Amino acid sequence: MNIDSIRNGVVIDHISAGRGMKLYELLGLDELDVSVAIIKNVVSRKMGKKDIIKIDAELPVNFDLIGYVDPGATVNIIKDGELVEKLDLDMPELLRGVIKCKNPRCISSTEQELEQVFRLTDRKNKVYRCIYCETKAP
Ligand code: ZN
C-alpha cells in the first residue's frame, strides 16, 4: 500500500511517540485483514516526535479508546482521496468495554456478562476508576 495516498480509510495522527503500537493493539488492528501502517517517531514541528497509524480501509474506530490512550491524537477520515473529517479527541467521561477491571473480586470480573465500565474521576491526572469497585484503570 502507498501510505501517502489512502483513498478510503482512517489516519490517526499526532499520537504521542511510542504509543502507536499500544493503540494498534488496543484497537484490535492486528486481528483485522486490512492494510495498516504504523509510522513511528515522525518528526513533528508541534510535538517533536509523533506516531501515525494509517488504516487503508473504512472501518469504525473506537474514538473513546483512542481518547483514552492518547487524548492529543487526531483522527482523519479519508474518502475518495479527500479529507472529509478531522476529529480532535478528548478523554471520554465513560469508557465502555475497552479495558478490564484488574480486581479479581470485582463484580465485573465475576459476572462475565456485565459490561466493563470505567469513569474518568480525575481529568488532570487522567485517572479512570471502575464504576463497580473504584479500582484504578491500569
Ligand atoms: Zn472493578
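The values are calculated or read from the model by the stated rules, or taken from the named source; none is laboratory data. Bear in mind that the values here come from a model prediction, so they are computed numbers and not experimental data. Heads up, the Cβs are rebuilt from the backbone with ideal geometry, glycines too, and the neighbour counts pull from every protein chain shown. The accessibility values were calculated without ligands, DNA or RNA, using every heavy atom of the protein model including side chains. Shrake-Rupley method; radii C 1.70, N 1.55, O 1.52, S 1.80 Å.
Structure notes:
- Unique match (being of a type outside the set (D, E, K, R), touching a residue at least 40 places away in the same chain (Cβ under 8 Å) and within 16 Å of the ligand (Cβ to nearest atom)) among Tyr128, Tyr132: Tyr128
- Among the residues of the range 21-46, the one identified as open to solvent by 80 Å² or more (accessible area, probe 1.4 Å), within 14 Å of the chain's Cα centre (by Cα) and under 16 Å from Gly72 (Cβ atoms) is Lys22.
- Put simply, of Val75, Val98, Val84 the only residue that is surrounded by 15 or more Cβ atoms within 10 Å (Cβ to Cβ), outside any loop (DSSP other than H, G, I, E, B) and on the phi < 0 side of the Ramachandran plot is Val75.
- The condition of being of a type outside the set (Val, Ile, Thr) and within 16 Å of the ligand (Cβ to nearest atom) holds for only one of Pro92, Pro138, Pro60, Pro71, that being Pro138.
- Residues of the range 26-46 that turn out to be closer than 18 Å to Leu89 by Cβ and part of a helix (DSSP H, G or I), as a count: 2
- Counting the residues of the range 106-125 that are surrounded by 12 or more Cβ atoms within 10 Å (Cβ to Cβ) and of a type outside the set (Gly, Ala, Ser) gives 9.
- Test: residue in the range 106-122 that is modelled with pLDDT of 95 or more and either away from the ligand (no atom under 14 Å from the Cβ) or within 21 Å of Leu32 (Cα to Cα) (or both): yes
- Matching residues in the range 10-23 - criterion: being in contact (Cβ under 8 Å) with a residue 60 or more places away in the chain and at positive phi: His14
- Among the residues of the range 101-128, those that are closer than 23 Å to Val61 by Cα and not in a loop (DSSP other than H, G, I, E, B) comprise Val117, Phe118, Arg119, Leu120, Val127, Tyr128.
- Just one residue in the set Gly18, Gly67 is among the small types (Gly, Ala, Ser), open to solvent by 50 Å² or more (accessible area, probe 1.4 Å) and under 19 Å from Met91 (Cα atoms); that residue is Gly18.
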